[in-house]
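Reading through the structure tokens given below for one structure.
The values are calculated or read from the model by the stated rules, or taken from the named source; none is laboratory data. These numbers were taken from a predicted model, which means no experiment stands behind them. Please note: Cβ atoms are built from the backbone with ideal geometry, for glycine as well, and neighbour counts cover all protein chains shown.
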């Protein structure tokens, strides 16, 4: 159901006013008068609110704005005149026939010889192909400020030129084409108002009156579709060519009454699609779906309304009519009555049709027919009333009958009884089907279940979530839950834009599937740490927002954990969710459909569908012995169709096998019918192809997910036993084995992708494993491990390998690969741990690493290289989760063992040294971390060279430790060198290169050059956004650092907004506090303080201090600084004693930890002195300020902003002590220095001149 907005306003007519205003202001130094020429052609009517909003916007920017209509210039007399502005903007969609004539080029040519002129098109560039203008990609440069178009220089790179474009004549004038967007306007401003050097890329129309105008015969407006085009073809074409939001809006508009004008349609759009844009309404109104009606407004072509209504849910139709009734009741008096009719179709008397109400009741009939079902009876009666009134109401011609999806008949498969028309429907291109579908292959033998499918259809039409559950007597499955879900999806392909099948037994499977969906939806995914969660969330957000598709169906298959699956259900949106599960607790969370075994008639029908020679009586006997369980019935049907065994023999074989199995002790949920049917087939397969049976046995230890044939092919060099070994060495034998497995119905084989996949039902897996002896189970499980290891692609951090690791993951977990005694197989476990980290599944990564460490330590001993590798991964994940003590213990143990085994000149040892250094930083031992980082770097540089990627990792860690020790010049030297080398080795856009650049901008800022640091950080942030996902942890770190830089540079409003946005995103990404989110909160508390929001600042500062205490401990430097930050705001709130208590405790702790010459200690001392001053103890404030100033000058320099803050406060101390002349002199020196360092308008100068003491904040830089 469509989620309505809270009020009845249209969607905003113009987006991003602030950015547009900023772009337009770039013209104002040279332009005081602007002329706006508005195209008044009929196609522009839909853009009227946008044009008016743009006119209001430019009127607020320019001194004089001259608004004129294009129509006044179309005649020869008008073409001889030029608008009065120094700059001309023509607002047009280019759809009017005028633009195909030479007169349009004459007009533009004349204007362009006098002043700068551009055409602003409200449509985006990718839709300009529809216009009668002639867009060309060119490069432009201007010889001077405000050059007329005729003076612009033009060139066309050869790779941009079309072979059909004529060369630009020297007499032609180039007219830039612009989107109504800040970036496009800013580029034009750079060209004409700033005369930017070099060449600027542009899209332009070539105004050349002398060129042949091939489309001069176009009408105004142009004929948009041949009259004979059928309605279903028009709708299908529109769905193919338009945006998803536009198609969605078209289906809603189809529910609006006839003669609804643009104002009505805008309200419908604003209420029911509040996230859409004016563009989407324009796409609909200017499409071939509509023509101009007798009253001048848009009206649907014959049959189009009916066709669109077939894509519209009942609830949406009702909501549209409710909106019309609420907002336009006087204009459409029948709307309220129709709402009541749709809610209770049988409770209202039939109307009396008159000439004045004929059109309204014909519309009602159209709606009732489209909805069908419970509305069919009223539709028939209304049809009779209309006929009695002399009206003819028939379904318009179409290539197919339009019916409601809710009451559509069963899907007809090609086969017995299928017609050529049915076959053609199946062969139709999927223009009217879902855009993205990843369903398993359709079961061509699907039989029965029609009542269940109808009920499921009804529930999904009326509810957002439906669940298909096994009957309580069949807890292990086999009743066909997934088959019903898949069949439903295939029957409704044309009802959804997206149908996505999500295997849901494990969280990692859900993540993988949704990330693949995100790639199809055009959402960028990164392979770096932390991005999987972000990318999945971006997919869920896009689905909830309906962008780019609002009509979607997600099928969560085998969703056993409600808690896990519910985290991946989009919150909001108009799509549907279908769940299949054996977990009956879903009954409390959704509308459920309980699936039991086949009815006997359905069992007989399936058996005889594959075996037409089978009598009803024999089919009945088989169904009885197999308990009507669909999985067993399907196996029996396949067996009978494949083998020549007489039915009597097969029945006796099944009876004997069932009796044999019944004598064994089994799980109470064991499906003996499945075991009976499958055991017969498995024994036969073992006789005819023993290698195929062994392959099936090995696969039975893997997950019930598709198994790629690639792992069988990669395993040819592994020595397997017996027939399976010979089979894997010979592709022909392998293919034959797979074919025979499929022939006997023992697995589902999918040939649709490039790589064949084999998939076993979970019940079949259990039957196969149950038949193996303990020795054979152990042997075949090991074979499964080796097969999976053969499929290991290596390089798990590489995004190109993501899909292959995703495919291996469920099988690695199901087969218990971590228990394998083969080192080659265990390497796959280590690589999957690394893959999970880069994927962003930190929980899964930690869990697998913990399993590996626990089991391998017992199996191999604590000194084994693979144990130590897994242990370091575990420690790394523990530190991410804030378990610093345990992480430090593990890393220290690994380092000790690696030094003893490999020595110090080893990559593994150096990696452990780097991790231990990071642990020491997290513990607050900055000096200890620096010593270890320096040692690791020097060894790596000597052994592996300065450009080794390993050495560059050590160099980055060294830069971090130098920075935390307050040695900013030293950190800057190291980081500068590391950035240069990483650019050379990895490239300028590699995330590790960008990471070190972020550290370099911190060095510049903390060294005291706030203005340059802000400039560099802005550039870096823009660069990172262009490379990584906007929600990537590294992007968010850069955003946090930029917020601090903005504040230090005096841009407090911008800093506050960016800090809040970043904090909200960090909190949204994780329910738990992380070092980055806590640091961002601390910075935002400072922004609140600078904005005089003291109460809010105090609350956040106190919360931040407590969180640092919990995560880093009381003795960590960052915890102490968070405490002094709290002290500052308490002092500003007048709580002087409490402020002094916090700052004194922080100062004492920092002095003990870091000494008196560390920047953290000095800044805390500055704040502490202000507490003494606030209490009136000016001599104590003076003594501390004087000492701090001396040390700060020695450590940071005399013009570092922190030094100047101490000097400013000392000047106030001198005045308070009566040493006014000294204080005034020092005050003047400080303000002059502030102006040199920070610029004349910096808020620090304003505050100083107002007599306010300086407060010093320190950014908790990354550890």
Criterion first (farther than 26 Å from residue 559 by Cβ, modelled with pLDDT of 90 or more and part of a helix (DSSP H, G or I)) does residue 785 satisfy it? yes
Is it the case that residue 579 is in the same structural domain as residue 505 (by TED's automatic domain parsing) and surrounded by 17 or more Cβ atoms within 10 Å (Cβ to Cβ)? yes
Any chance you could count how many residues in the range 1177-1223 are buried (at least 18 other Cβ atoms within 10 Å of the Cβ) and in a loop (DSSP other than H, G, I, E, B)? 1
Counting only residues that are touching a residue at least 60 places away in the same chain (Cβ under 8 Å) and more than 21 Å from residue 1254 (Cα to Cα), how many does the range 1086-1107 have? 0
If I filter the range 556-576 down to residues being in contact with a strand residue (DSSP E or B) (Cβ under 7 Å, 6 or more places away or on another chain) and part of a loop (DSSP other than H, G, I, E, B), which single residue comes out as surrounded by the most Cβ atoms within 10 Å (Cβ to Cβ)? 559
Please determine, by comparing only the residues of the range 587-603 that are modelled with pLDDT of 75 or more and assigned to a helix (DSSP H, G or I), which one is surrounded by the most Cβ atoms within 10 Å (Cβ to Cβ). 603
Tell me which residues, restricted to the range 771-780, are surrounded by fewer than 19 Cβ atoms within 10 Å (Cβ to Cβ) and part of a helix (DSSP H, G or I). 774, 775, 776, 777, 778, 779
Run residue 945 past the list (1) over 15 Å from residue 965 (Cβ atoms); (2) buried (at least 16 other Cβ atoms within 10 Å of the Cβ) and report the number of the one that doesn't hold. (2)
I'm trying to understand the selection: among the residues of the range 90-99, which are assigned to a helix (DSSP H, G or I) and buried (at least 24 other Cβ atoms within 10 Å of the Cβ)? 99
For the range 221-340, list the helices (runs of 4 or more DSSP H) that sit wholly inside it and hold at least 2 residues that are touching a helix residue (DSSP H, G or I) at 6+ places or on another chain (Cβ under 6 Å), at pLDDT below 75 and buried (at least 20 other Cβ atoms within 10 Å of the Cβ); which are they? 314-328
Could you grab me the full set of residues in the range 11-42 that are in a loop (DSSP other than H, G, I, E, B) and either farther than 29 Å from residue 97 by Cβ or without any contact (Cβ under 8 Å) to a residue 40 or more places away in the chain (or both)? 11, 12, 15, 16, 26, 27, 28, 29, 30, 31, 32, 40
What tally of residues in the range 1224-1258 results from selecting those that are surrounded by 15 or more Cβ atoms within 10 Å (Cβ to Cβ), without any contact (Cβ under 8 Å) to a residue 24 or more places away in the chain and touching a helix residue (DSSP H, G or I) at 6+ places or on another chain (Cβ under 7 Å)? 4
Among 764, 758, 783, which is under 22 Å from residue 826 (Cα atoms), in contact (Cβ under 8 Å) with a residue 24 or more places away in the chain and either under 39 Å from the mean Cα position of the chain (by Cα) or crowded, with 22+ Cβ neighbours inside 10 Å (or both)? 783
I'd like to verify a number: residues in the range 919-931 that are closer than 25 Å to residue 867 by Cβ and surrounded by 24 or more Cβ atoms within 10 Å (Cβ to Cβ), how many? 1
Working only within the range 449-463, note down all residues that are surrounded by 16 or more Cβ atoms within 10 Å (Cβ to Cβ) and part of a loop (DSSP other than H, G, I, E, B). 449
If you go through the range 1119-1135 one residue at a time, do you hit one that is surrounded by fewer than 18 Cβ atoms within 10 Å (Cβ to Cβ) and within 25 Å of residue 963 (Cα to Cα)? no
Which numbered condition in (1) at pLDDT 95 or above; (2) not in a helix (DSSP H, G or I) is the only one that residue 960 fails? (2)
Kindly indicate whether any position in the range 989-1003 is part of a loop (DSSP other than H, G, I, E, B), surrounded by fewer than 19 Cβ atoms within 10 Å (Cβ to Cβ), touching a helix residue (DSSP H, G or I) at 6+ places or on another chain (Cβ under 9 Å) and without any contact (Cβ under 8 Å) to a residue 24 or more places away in the chain. yes
I need the full set of residues from the range 177-209 which are under 38 Å from the mean Cα position of the chain (by Cα), buried (at least 21 other Cβ atoms within 10 Å of the Cβ) and either over 19 Å from residue 28 (Cβ atoms) or outside the structural domain of residue 128 (by TED's automatic domain parsing) (or both), in order please. 177, 202, 204, 205
From 1215, 1191, 1219, residue being closer than 22 Å to residue 1003 by Cα and free of Cβ contacts under 8 Å to residues at least 60 places away in the same chain: 1191
Listed residues 751, 744; which is without any contact (Cβ under 8 Å) to a residue 24 or more places away in the chain and under 30 Å from residue 634 (Cβ atoms)? 751
So which of 662, 656 ends up being out of contact with any helix residue (DSSP H, G or I) (no Cβ under 8 Å at 6 or more places or on another chain), surrounded by fewer than 22 Cβ atoms within 10 Å (Cβ to Cβ) and at pLDDT below 85? 656
Candidate set from the range 795-811 (those that are touching a helix residue (DSSP H, G or I) at 6+ places or on another chain (Cβ under 7 Å) and surrounded by fewer than 18 Cβ atoms within 10 Å (Cβ to Cβ)); member that is farthest from residue 507 (Cα to Cα): 795
Just to check your reading of the model, which residue among 1083, 1054 is free of Cβ contacts under 8 Å to residues at least 24 places away in the same chain, part of a helix (DSSP H, G or I) and under 30 Å from the mean Cα position of the chain (by Cα)? 1054
